[in-house]
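Input: a single structure, listed below in structure tokens.
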Amino acid sequence: MLTGGTVVLPTGEVPGGQVAVDGRRIAERAPEGADVLDVTGHWVVPGFVDLHNHGGGGAAFSGGAEAALTAVRTHREHGTTTLVASTVTDDLDVLARQAGILAELAEQGDIAGVHFEGPFISPCRKGAHSEALLRDPDPAEVRKLVDAARGHAKMVTLATELPGGLDSVRLLAEHGVIAAVGHTDASYEQTVAAIDAGATVATHLFNAMPPIGHRDPGPITALLEDGRVTVELINDGTHLHPAALQLAFHHAGAGRVAFITDAMDAAGSADGRYLLGPLEVEVQGGVARLVEGGSIAGSTLTLDRAFRRAVTVDGLPVADVVRALSANPARLLGMADRVGSLEPGKDADLVLLDADFALKGVMRRGEWVITPQLP
Ligand SMILES: [Zn+2]
């Protein structure tokens, strides 16, 4: 039983609130003889849900089961209690093999599923993806990857303007897999068509897509204005100017934003040389760039830092930040009955933050991942 903290519920902030935990779930009231932990002066918020994450702790989700578990553990220690593992562009057979390994981790409950970023993306907006391995989104090949994840494919990022793009979006929508518009060179009109075909997410809005022009409003305008789309934002201070973040938040509203990390291996680890899929990356001062060409290559962000920045630098209301970090991505994943808010019956996934929004504790499914050391 946690008492005394400010608990953030879907209905608002409750100062001096309580959260009762029974086994792995949040309960209406604490079981008889439960330990009581006084967390006065702290925020109690739902565990974070990351839709887009390539790795952390020096390990990548494309690097096999052991590496994937290292990445999961690293992000869990930073408050991410539900995580979708992202792959990067590679050979289809290599990706299918990685998906099989990740599907096993999803079956064990270690991750929430798989996100394929590439290879069906635009060479004009490839970012840190290997150009030689890019291909048009052939629905049969999209299907092959989805099948390789054995029911655990959650999202595929596509340049929907490429040949086969719209058919692939329809195929994904039919299979209950999120079609995400990203690494795209689409026009405004082409993006509207993709949304009408069933695309519901913008992969890291603003990054790896054409900017807004007043005669050529581009994909960003189409993705922001349509109520069916949730926009991913990487709030690390490097990927987006704070004003661009505000613009997205104001247009989409707090119900349609998901903060993601797009983290690579160096998240929760040191500067130095890493691999992102097959490409070499140099991390300096926490900023990851391709050795060749210098493109930004994912982030070293963790979601506790995204939270803190959103409140202390961007000035967003705590309740809105909680939606962008937990409730919205949980809903997108179809997991809102289990995670994403602190309500009885849901998994006891929660994060404890101090008055300065520094992380002080993490609980997942009723067990402390980071045990709070309170005075
Ligand atoms: Zn990514």
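The values are calculated or read from the model by the stated rules, or taken from the named source; none is laboratory data. All values reported here derive from a predicted model rather than from experimental measurement. Don't worry about glycine lacking a Cβ; one is built from the backbone with ideal geometry, like all the others, and counts go over all protein chains shown.
Of all residues in the stretch 143-186, those satisfying the criterion of being closer than 20 Å to ARG228 by Cβ and of a type in the set (D, E, K, R) are LYS154, GLU161, ASP167, ARG170, GLU174.
If the condition is being under 27 Å from THR300 (Cβ atoms), touching a Phe, Trp or Tyr at 6+ places or on another chain (Cβ under 7 Å) and without any contact (Cβ under 8 Å) to a residue 60 or more places away in the chain, then the stretch 220-243 contributes ILE220, LEU240. Candidates are the residues of the stretch 199-220 that are of a type in the set (A, V, I, L, M, F, W, C), assigned to a loop (DSSP other than H, G, I, E, B) and in contact with a Ser or Thr (Cβ under 9 Å, 6 or more places away or on another chain); the one that is surrounded by the most Cβ atoms within 10 Å (Cβ to Cβ) is ALA199. You will find that of LEU158, LEU240, LEU223, LEU162, the residue that is at negative phi, touching a strand residue (DSSP E or B) at 6+ places or on another chain (Cβ under 7 Å), of a type outside the set (S, T, N, Q) and surrounded by fewer than 24 Cβ atoms within 10 Å (Cβ to Cβ) is LEU240 and no other. Just one of (1) touching a strand residue (DSSP E or B) at 6+ places or on another chain (Cβ under 9 Å); (2) crowded, with 24+ Cβ neighbours inside 10 Å; (3) not β-branched (Val, Ile, Thr) fails for ALA186. It is (1). Sort out which residues of the stretch 225-275 are under 24 Å from ARG289 (Cβ atoms), away from the ligand (no atom under 16 Å from the Cβ) and in contact with a Ser or Thr (Cβ under 9 Å, 6 or more places away or on another chain), and write them in order of number. Hits for the stretch 225-275 are GLY268, SER269, ASP271.
Looking only at residues in the stretch 268-304 that are buried (at least 18 other Cβ atoms within 10 Å of the Cβ) and at positive phi, the one that is farthest from the chain's Cα centre (by Cα) is GLY277. Applying the criterion of being touching a residue at least 24 places away in the same chain (Cβ under 8 Å) and small (Gly, Ala, Ser) to the residues of the stretch 103-118, the residue that is nearest to the ligand (Cβ to nearest atom) is GLY118. Assess whether VAL72 counts as being in contact with a Leu (Cβ under 8 Å, 6 or more places away or on another chain) and in contact (Cβ under 8 Å) with a residue 60 or more places away in the chain. Judged against the criteria, VAL72 is not a match. Taken over the stretch 1-48, the criterion of being more than 20 Å from VAL339 (Cβ to Cβ) and among the acidic types (Asp, Glu) is satisfied by GLU32, ASP35, ASP38.
The residue that is nearest to the ligand (Cβ to nearest atom), counting only those in the stretch 75-89 that are part of a loop (DSSP other than H, G, I, E, B) and out of contact with any helix residue (DSSP H, G or I) (no Cβ under 6 Å at 6 or more places or on another chain), is VAL88.
Candidates in the stretch 57-74 are the residues that are in a helix (DSSP H, G or I) and not small (Gly, Ala, Ser); of these, the one that is nearest to the chain's Cα centre (by Cα) is VAL72. Looking across VAL231, VAL169, one residue alone is in the same structural domain as THR89 (by TED's automatic domain parsing), of a type in the set (A, V, I, L, M) and within 16 Å of the chain's Cα centre (by Cα). It is VAL231.
Of all residues in the stretch 48-56, none satisfies being in contact (Cβ under 8 Å) with a residue 24 or more places away in the chain, away from the ligand (no atom under 16 Å from the Cβ) and either part of a loop (DSSP other than H, G, I, E, B) or within 19 Å of GLN373 (Cα to Cα) (or both).
Every condition in (1) within 13 Å of the chain's Cα centre (by Cα); (2) touching a residue at least 60 places away in the same chain (Cβ under 8 Å); (3) not in a loop (DSSP other than H, G, I, E, B) is met by LYS360 except one, and the failing one is (1).
Answer with yes or no whether ASP167 is in a helix (DSSP H, G or I) and free of Cβ contacts under 8 Å to residues at least 24 places away in the same chain. The answer is no for ASP167.
Screening the stretch 119-152 for residues that are over 11 Å from SER168 (Cβ atoms) and touching a helix residue (DSSP H, G or I) at 6+ places or on another chain (Cβ under 6 Å) and picking the one that is farthest from the ligand (Cβ to nearest atom) gives ARG150. Of the candidates ASP196, ASP185, the single residue that is away from the ligand (no atom under 14 Å from the Cβ), farther than 24 Å from HIS152 by Cα, acidic (Asp, Glu) and outside any helix (DSSP H, G or I) is ASP185.
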